[in-house]
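Every number in this text was worked out from the coordinates using simple rules, so none of it is lab data. Bear in mind that the values here come from a model prediction, so they are computed numbers and not experimental data. Cβ sites come from the backbone with ideal geometry, for glycine too, and all protein chains shown count toward neighbours.
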Amino acid sequence: MVKTLLKFARDEVLLPLVKRPRRLQVAALCLRNGDGGREVLLITSRGTGRWILPKGWPEKGTDAAGTALREAWEEAGVKRATTHPSPVGQYTSEKHNDGGLVLPCDVLVFRVDVHEMTRDYPERGQRKLVWVAPGDAADMVAEHGLKTILRAQKPA
């Protein structure tokens, strides 16, 4: 009885008070048909330099797919593209803010078919970018759920 009461107090009272709720981010799964088939655009994060998809916080007045497209423009220079309105998947991630606080995030992923890129965009010079096969992209990213989404991409 005492163990049950302590477990209840921990799980239902204490943990919800200290556990941070997940925040929502939106990511762009940018795809194009390259010489070797379908390719995925990966960029590096500004902080750690790990490979990620362009992503960011939802913006008031813009739907999630539109936010994904805006992030692809700002972070990678996607100039012209077709965005699909429904997410192709979701994964969890951790965002580290400037103060060192870790924010758990649910990331909705939207497919973006890229038609044109530009070399002049807001975060030019702050990140590296690369186009790779989906399987190679899956090997390059850290998040397990994102690996699954990338491996599910069919060849062109």
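In the chain, the DSSP beta bridges split such that about 70 percent are antiparallel, to the nearest 5. Taking 0.36 nm per residue of separation and subtracting the Cα-Cα distance, full extension of the segment from D98 to R46 would add 17.6 nm.
Scalar couplings 3J(HN,Hα) for the range 108-121, obtained by applying the Karplus form with A = 6.51, B = -1.76, C = 1.60 to θ = phi - 60°, are 8, 10, 10, 6, 10, 8, 8, 10, 7, 10, 10, 8, 10, 8 Hz; x denotes Gly and Pro.
Count charges around Q25 for me, please; just the other residues with Cβ under 13 Å from its Cβ, Lys/Arg as +1, Asp/Glu as -1.
On the way: positive: R22, R23, K55, R70, K95; negative: E59, E71, E75, E94, D106, E143.
My count for the surroundings of Q25 gives -1.
Label-to-label distance, D139 versus A152, with points set 7 angstrom from Cα along the beta-carbon direction: 2.2 nm. If you take all other residues with their beta carbon under 11 Å from the beta carbon of K79, and give Lys and Arg +1 and Asp and Glu -1, the sum is 0.
At the listed q of 0.10, 0.13, 0.20 Å⁻¹, the Debye profile of the chain, built from one uniform point per Cα, gives log10 I(q)/I(0) equal to -0.40, -0.62, -1.29. Near the amide H of A81, within less than 5 Å, lie the amide hydrogens of H115, all on another chain or at least 5 residues away, with H placed in the peptide plane.
To the nearest ten degrees, helix 64-76 and the longest principal axis of the Cα atoms of the chain are 60 degrees apart. If you take all other residues with their beta carbon under 10 Å from the beta carbon of P54, and give Lys and Arg +1 and Asp and Glu -1, the sum is -1.
Springs between Cα atoms under 10 Å define the GNM used for the chain, and in it the highest mean-square fluctuation of A81, A27, A68 occurs at A81. By the helix-only formula, in which each DSSP H run with n ≥ 4 contributes -39500 (n - 2.57) and the sum is divided by residues, the chain has a 222 nm mean residue ellipticity of -6500 deg cm²/dmol.
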